[in-house]
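J.: Okay, here's the structure, questions in a sec.
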Amino acid sequence: MSFSLVTGGSGFIGQHLVQLLCARGERVRVFDRRPPGWRDAAAPVDYHQGDIADPAAVDRAMAGARRVYHLAANPNLWTRDPQDFARDNHQGTLTVLAAAERHRPQRLVYTSTESILAGVRHRIVGGMIDESVALRVEDMPGPYCRSKFLAERAALDAAERGLPVVVVNPTLPIGPGDRLLTPPSRMLVDFLNGRAPAYLETAVNMIDVRDAALGHLLAAERGRIGRRYILGGENLTLSALLALLEDLSGRPMPKRRIPYWLAYLYGTVDEFLADRVTGKPPRAPLTGIRLARHAMRFDNSRALAELGLQPRPLRHALADAIAWFRDEGLLTEAAGTGRTPAEVRAGE
């Protein structure tokens, strides 16, 4: 029997995609370095442990796959060795594409990112960013974005050669289940725990992780080959996000806004210490600060019209994320009690 292969199926979006596929009765194979954090005896998952940069392991995992969802990547904005990004994100994608050329799945969905559509030289005046953006690798604000840009370009090149590839560009995913704390979740936890006394004003787009996962499935079913789809939810300023977090959590959020130059100075020092002294991820990676310099508002109309994506309200996603953080012991007592997800939904 055929199955769907999910590389990175143990990750944040990946685990929700796996659960969604299993709930629809599909056979699923997960290829990841780590076992899935979610298990259900009624919906068993065929787990293949392996490295995305290992051609033989990828080839074995893909053999017989009807659909391939390639999510495996390093999603962080900093790593002590920048070559990790090139290895995992770019070279790993080349490995997956090469295996797909041999096994010819019916559809391959490649998970890109919204950040490569908002390069340092790109300016949107009075509008939003859509899939038509055409940038160069020189426009990318750091090694993470460069690696994802090159990987997406390789995926689109493969589509031009006849491989049935569809690209999705999720915006910032939030919600329950982020066990490794990807950058959006880490940002929320820092604010909720009072570890961010000030903020750099910008605009972001956030989507519930479960809707981002559904967008992958819809892209496989309805997406056009060689086409990008921004899987986005709501656009809002960071100050508006903080107001939402305060309302939902009961914890006062920072009111002090800092200028870009000060944030950049802090990030430079923070990243230097991470690189040379602590080896721990900086709280303010320079890539993130460069991206935040300009508003990142995204137009999700193509995904809504062509895929039928219907993102749920951001308030619901944030409430579910806060509840999950609290259940996992990631929030301090000072983070407040706030309202439960059920109370948030009932009050609307």
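J.: Tell me, what HN-Hα J-couplings in whole Hz come from the Karplus equation 6.51 cos²θ - 1.76 cosθ + 1.60 at θ = phi - 60° for each residue of the stretch 65-77, using x for Gly and Pro?
T.: My calculation for the stretch 65-77 gives 6, 7, 10, 10, 10, 9, 9, 4, 5, 8, x, 7, 9 Hz in order.
J.: What is the spin-label model distance, in nm, from LEU180 to GLN83 if the labels are put 7 Å beyond Cα along the C-beta direction?
T.: 2.0
J.: Obtain the nm distance between the two label points defined at ALA198 and GLU306 by a simple spin-label model: each point lies 7 Å from its Cα along the Cα-to-C-beta direction.
T.: 4.3
J.: As a footprinting exposure proxy, order VAL189, VAL168 by other Cβ within 10 Å, with the fewest listed first.
T.: Ascending number of Cβ neighbours within 10 Å: VAL189, VAL168.
J.: Can you compute the modelled spin-label distance between LYS280 and ARG33, with each label point 7 Å from Cα toward Cβ, in nm?
T.: Once both label points are built, they end up 2.0 nm from each other.
J.: Next up: Rounded to the nearest 500, what is the 222 nm mean residue ellipticity of the chain from helices alone, with -39500 (n - 2.57) per DSSP H run of 4+ residues and division by all residues?
T.: -11000 deg cm²/dmol
J.: Sorted by packing (mean other beta-carbon atoms within 10 Å per residue), highest first, where do 241-247, 21-27 land?
T.: 241-247, 21-27
J.: What FRET efficiency comes out for the pair VAL269/ARG104, r = Cβ-Cβ distance, R0 = 35 Å, nearest 0.05?
T.: Using R0 = 35 Å, I get an efficiency of 0.10.
J.: When only DSSP loop residues count, what trypsin sites (Lys or Arg not before Pro) in the stretch 193-265 have their Cβ near at most 16 other Cβ atoms within 10 Å?
T.: Here the sparse-neighbourhood loop sites are ARG195, ARG224, ARG227, LYS255.
J.: Whose amide H sits under 5 Å from the amide H of GLU234, counting only residues 5 or more places off or on another chain, with H placed in the peptide plane?
T.: Under 5 Å from the amide H of GLU234: MET206.
J.: How far, in degrees from 0 to 90, does helix 183-192 lean away from the longest principal axis of the Cα atoms of the chain, to the nearest 10?
T.: Orientation of helix 183-192: about 30 degrees from the principal axis.
J.: Right, another one. Take every DSSP beta bridge with both residues inside the chain and express the antiparallel ones as a percent of the total, to the nearest 5.
T.: Taking every DSSP beta bridge within the chain, about 10 percent pair in antiparallel fashion.
J.: Okay, which of the stretch 89-116 sit inside 18 Å, backbone N to the point 7 Å along the Cα-Cβ direction of LEU20?
T.: 107-114
J.: Quick check: from the Cα gyration tensor, does the stretch 1-100 come out rounded (a/c under 1.5), prolate or oblate?
T.: oblate
J.: Additional query: How high is the relative contact order of the stretch 149-224? Use alpha-carbon pairs under 8 Å, at least six apart in sequence, and give a whole percent.
T.: Answer for the stretch 149-224 is 37 percent.
Bear in mind these aren't lab numbers, they're just calculated from the coordinates by the rules spelled out. A quick note: this is a predicted structure, and the numbers were derived from the prediction, not measured. Neighbour counts are summed over all protein chains in view; Cβ atoms, including those assigned to glycine, are modelled from backbone coordinates with ideal geometry.
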